[in-house]
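Please read the structure below before turning to the comments.
What follows is calculated from the coordinates using simple rules that are stated; it is not laboratory data. Source: prediction; values computed, not measured. Note: ideal-geometry Cβ built from the backbone for every residue, glycine included; neighbour counts use all protein chains shown.
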Amino acid sequence: THPMLLRYQLPRRVFPLLPVLFPFFINLLNSVQIFCIILLIQVFLQVFFGNFLIMAILNILQYPDSRLRIKAKPIELFDKPLKETIADMFETMYASKGIGLAATQVNIHKRLIVLDVSPERDRQLVLLNPTVLKTSEEKKLHDEGCLSVPGFYESVERPDKILVEYFNSDGSKHQLEAGGLLSVCIQHEMDHLNGKVFVDYLSRLKQHRIQKKLIKEKAKLSVIN
Ligand code: QAP
Ligand code: CO
């Protein structure tokens, strides 16, 4: 299995075993004390490491999956489950060496995007309920790929600069002026939230070629498994 999967899923399996194993090692303490200590340890870990220990790598839908066509709904609650989803999406994006991931791609149909276009992979950006306020007249061609269309890269024309309004995970409103790769990436991911994939901008011929190859590869994989 994937090394990232091992690293993060191990604690999930070990933790439930702790309360069972501890009494055998510490027979000086009574069971109530042991129970309390374990409870304290778990509360401590939860408070200081939060989502860290229970992050998960999510399954990415692959083109031409019809679920990539579902229009995402606005986020209304800025709660803890949402923060966990965000952590999982970053984990999934980094594990697959992506620079952007829309919730639609992991079969969550909410208006949520995670991005990190920095070469150092340390500039996380979360856009909740993003809207484009302005686009530049000038357009540019840029090579695009997609985690839902693995192995294919094609040139797409989009506005060069955009002004985006969005909410962050605390529910506060922000604006961002983006150009270059960040602008391309935000537009690409916002398309996903509206059920659009970058392949839709290509010629019918290219679309069919990509579909055929990906369907063929999927069939091969299912024979192996
Ligand atoms: C969208 O896409 C994007 O085929 C984000 O084998 C991409 O992160 C916007 C990826 C390029 C602008 C420019 C694709 C990883 C990652 C693959 C991605 C692959 C492995 C795609
Ligand atoms: Co994509």
Can you sort 54, 60 by how many other beta carbons sit within 10 Å, fewest first?
54, 60
Place a point 7 Å from Cα of residue 56 in the direction of its Cβ. Which residues in the range 107-127 have their backbone N less than 20 Å from it?
107-114
Under a GNM of the chain (C-alpha, springs under 10 Å), which listed residue has the highest mean-square fluctuation: 100, 180, 145?
180
Relative to the first principal axis of the alpha-carbon coordinates of the chain, what is the inclination of helix 80-95, with its axis defined by its Cα atoms, in degrees from 0 to 90 and to the nearest 10?
70 degrees
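Looking at the range 41-112, which chymotrypsin sites (Phe, Trp or Tyr not before Pro) are in a loop (DSSP not H, G, I, E or B) and have at most 15 other Cβ atoms within 10 Å?
Values: sites: 44, 48, 49, 52, 78, 90, 94; in loops: 78.
Here the sparse-neighbourhood loop sites are 78.
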Karplus-derived HN-Hα couplings along the range 57-63 (A = 6.51, B = -1.76, C = 1.60, θ = phi - 60°), whole Hz, x at Gly and Pro:
8, 8, 7, 9, 5, 10, 3
The farthest towards the positive end of the charge dipole of the range 142-225, of the residues 168, 145, 224, given +1 on Cβ of Lys and Arg and -1 on Cβ of Asp and Glu, is 224
Would you mind checking which residues have amide H under 5 Å from residue 100's amide H? H placed 1.01 Å from N; only 5 or more apart, or other chain.
116
Can you find, among 205, 127, 90, the residue farthest towards the positive end of the dipole of the chain? Put +1 on the C-beta of Lys and Arg, -1 on that of Asp and Glu.
205
Within the chain, the percent of DSSP beta bridges that are antiparallel, given to the nearest 5, stands at 95 percent
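Rounded to the nearest 500, what is the chain's calculated 222 nm mean residue ellipticity when only DSSP H runs of at least 4 contribute -39500 (n - 2.57) each, over all residues?
Numbers: 6 runs with 90 residues, N = 225.
My calculation for the chain gives -13000 deg cm²/dmol from helical runs alone.
Treating only the Cβ of Lys, Arg, Asp and Glu as charged (+1, +1, -1, -1), what charge dipole size does the range 34-110 show about its Cα centre? Round to the nearest 20 debye.
Details: 8 positive and 6 negative charges, 59 e Å.
In debye, rounded to 20, the range 34-110 gives about 280.
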In terms of the alpha carbon gyration tensor, root eigenvalues a ≥ b ≥ c, rounded if a/c is under 1.5 and otherwise prolate when a/b exceeds b/c or oblate, the range 183-225 is oblate
Test of understanding: extend the Cα→C-beta vector of residue 118 to 7 Å, then name every residue of the range 167-185 with backbone N under 20 Å from that spot.
167-170, 174-185
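With a/c under 1.5 counting as rounded, go ahead and sort the range 137-225 into rounded, prolate or oblate using the C-alpha gyration tensor (a ≥ b ≥ c being the square roots of the eigenvalues; past the cut-off, prolate if a/b is larger than b/c, else oblate). It would help to have the intermediate numbers written out before the result.
Details: a/c = 3.22, a/b = 1.69, b/c = 1.91.
In terms of gyration-tensor shape, oblate.
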Charge dipole of the chain about the Cα centre (unit charges at C-beta), most positive-ward option of 156, 42, 186:
156
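Using the Kirkwood radius built from alpha carbon pairs, what does the Stokes-Einstein equation give as D for the chain at 10 °C and 1.306 mPa s, in µm² per second? Don't skip to the answer; put the middle values down first.
On the way: Rh = 19.9 Å.
It comes out at roughly 80 µm²/s.
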Compute the acute angle (0 to 90°) between the alpha-carbon long axis of helix 180-193 and the principal axis of greatest extent of the alpha-carbon atoms of the chain; round to the nearest 10°.
80 degrees
For the chain, give the magnitude of the charge dipole about the Cα centre (Cβ charges: +1 Lys/Arg, -1 Asp/Glu; no others), in debye to the nearest 20.
860 debye
Which angle between 0 and 90 degrees, to the nearest 10, do you get for helix 204-224 versus the longest principal axis of the chain when only C-alpha atoms count?
30 degrees
Other-chain or far-sequence residues with amide H under 5 Å of residue 75's (modelled H):
111, 129
Which of 76, 120, 84 moves the most in a Gaussian network model of the chain with Cα springs under 10 Å?
120
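Where nothing but the Cβ of Lys and Arg (+1) and of Asp and Glu (-1) is charged, how large is the charge dipole of the range 113-225 around its Cα centre, in debye to the nearest 20?
Numbers: 17 positive and 17 negative charges, 155 e Å.
So the magnitude is around 740 debye.
Would you list 36, 146, 185 from fewest to most Cβ contacts within 10 Å? Please report the intermediate quantities before stating the final value.
Working: 36 11, 146 25, 185 21.
By the 10 Å Cβ count, ascending, the order reads 36, 185, 146.
Between residue 79 and residue 212, take the C-beta separation as r, use R0 = 30 Å, and let me know the FRET efficiency to the nearest 0.05. Don't jump to the answer; show the numbers that get you there.
Values: r = 42 Å, r/R0 = 1.41.
According to the calculation, E is roughly 0.10.
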